[in-house]
1. Take every Cα-Cα distance within segment 313-395, group them into 5 Å bins from 0 onward, and report for each bin the whole-number percent of pairs it holds.
2. Sort out for me the Cα centre separation of segment 1-72 from segment 279-328, rounded to whole Å.
3. Once the Cα atoms of helix 4-25 and of the chain are each reduced to a long axis, what angle between those two axes, in degrees from 0 to 90 to the nearest 10, is obtained?
4. Report, please, the projected area of segment 110-195 averaged over directions, based on the convex hull of its C-alpha atoms, in nm².
5. What does the convex hull of the Cα atoms of the chain come to per residue, in Å³, rounded to a whole number?
6. If you average the sequence gap of Cα pairs under 8 Å that are 6 or more apart and divide by the length of the chain, what percent do you get for the contact order?
7. Principal axes first, then extents: for the Cα atoms of segment 2-101, list largest minus smallest coordinate on each axis, whole Å, largest first.
8. Defining a contact as two alpha carbons under 8 Å apart and six or more residues distant in sequence, what relative contact order in percent does segment 1-147 show?
Ligand code: ADP
């Protein structure tokens with residue numbers, strides 16, 4: 001396309017030459033008049049094309065685009081090319097969008113896109129059906145206005161989405177959803193809602209089976225254990241050369257009873273999807289009790305007590321189920337005792353971190369190799385099977401801890417170094433933390 005400035009310069013030069021020539025053969029006034037009329041025609045021509053362009057922009061149809069002349073011909077040709085590219089890009093975008101919508105709608109899980117302020121930006125029809133949403137009316141509404149489950153709201157604001165959240169349908173209590181939240185780089189969140197009803201039924205059958213078997217075994221084992229104990233305690237009832245076998249039988253019966261108790265506890269906690277009590281747990285009292293129990297365990301296992309220190313922020317309490325939390329903390333502290341050689345140091349702390357609260361157990365024990373750490377909360381996973389058995393372990397302790405913490409929206413963090421020691425930290429969300437007004441002495 002020729003440069004419009006060159007064309008204008010060329011026109012003015014030609015017009016000026018003609019006017020100069022007219023001036024030579026006639027008067028200056030006529031020459032000036034011709035110059036003005038020429039300029040007027042030139043500007044008028046451009047104004048007319050500008051007008052056509054403006055009219056076309058009001059209804060930009062490729063078939064109506066004027067052809068133009070002079071510089072306008074090139075301009076309109078370029079515009080035509082841009083418009084064609086634009087239409088092609090638009091078609092490609094529409095096709096991609098349609099493909100995306102088809103794929104997203106075919107996914108059986110419900111997908112919801114949340115804004116950084118947790119408002120619904122977009123969702124699939126499956127999500128609408130699962131959560132009773134209507135994108136037309138609910139777009140830009142906060143998700144917490146529509147999914148009013150208290151624990152879901154706590155999970156959403158907690159911003160730790162490493163574990164999925166189980167949500168009972170409020171329209172049909174038989175239906176159970178698993179909610180996965182994924183934080184996107186744009187600060188938006190992708191919420192995936194999966195119907196777990198069938199899987200949950202199978203899982204619940206498995207849990208019931210384990211619970212029933214454990215329950216059925218409990219009575220015979222108690223009877224066998226009781227008789228073994230009575231026989232061992234009765235003078236002359238067991239010949240001396242059989243006493244060793246009797247002791248072994250008693251030990252193993254006792255071990256089986258403990259495994260059964262832990263299995264029953266695990267299945268009770270796992271199958272309980274109701275939220276735990278929200279009673280305020282007096283952490284100062286609880287910590288002291290746990291310290292005493294740990295000293296007792298240390299004495300019974302090693303005869304020499306460990307050094308067990310307590311550091312408590314006495315202004316801090318927690319909302320939750322006292323018995324569950326006590327069981328989780330006791331498990332962590334008893335592990336520290338059992339996996340720390342005699343005379344070692346154990347430090348139990350309870351403190352605030354910003355709005356959250358941290359319970360931690362730090363020991364100077366045998367430590368754990370890195371490759372085992374992510375598997376420790378699996379049922380029956382043990383790094384050192386021999387030591388676990390010797391010290392009365394069942395291999396279920398950390399599994400129980402994990403499930404109790406999930407129920408309290410808390411997170412377990414484990415760091416460890418072999419032969420140096422381990423740290424087990426439990427991080428509670430701010431929704432569970434109670435800051436006492438008056439300071440109570442620890
Ligand atoms: P167990 O009854 O065997 O202790 P847990 O579930 O409580 O079962 O722990 C799982 C495994 O994690 C243990 O067998 C042990 O190998 C390891 N473990 C747990 N706590 C500690 C700790 N404080 N120091 C070293 N190892 C630990």
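All of the numbers you see were taken from the coordinates with simple rules; none came from a lab. Note that the structure is a prediction, hence the values are computed from the model and not measured. Virtual Cβ from ideal backbone geometry, glycine too; neighbours counted across all protein chains shown.
1. Here the calculated profile for segment 313-395 is 3, 12, 19, 24, 19, 13, 8, 2, 0.
2. Each part reduced to its Cα centre gives a spacing of 94 Å.
3. With both axes taken from Cα atoms, the answer is about 10 degrees.
4. 5.0 nm²
5. 266 Å³
6. With pairs under 8 Å counted, the relative contact order is 10 percent.
7. The Cα atoms of segment 2-101 stretch 76, 23, 15 Å along their principal axes.
8. Answer for segment 1-147 is 13 percent.
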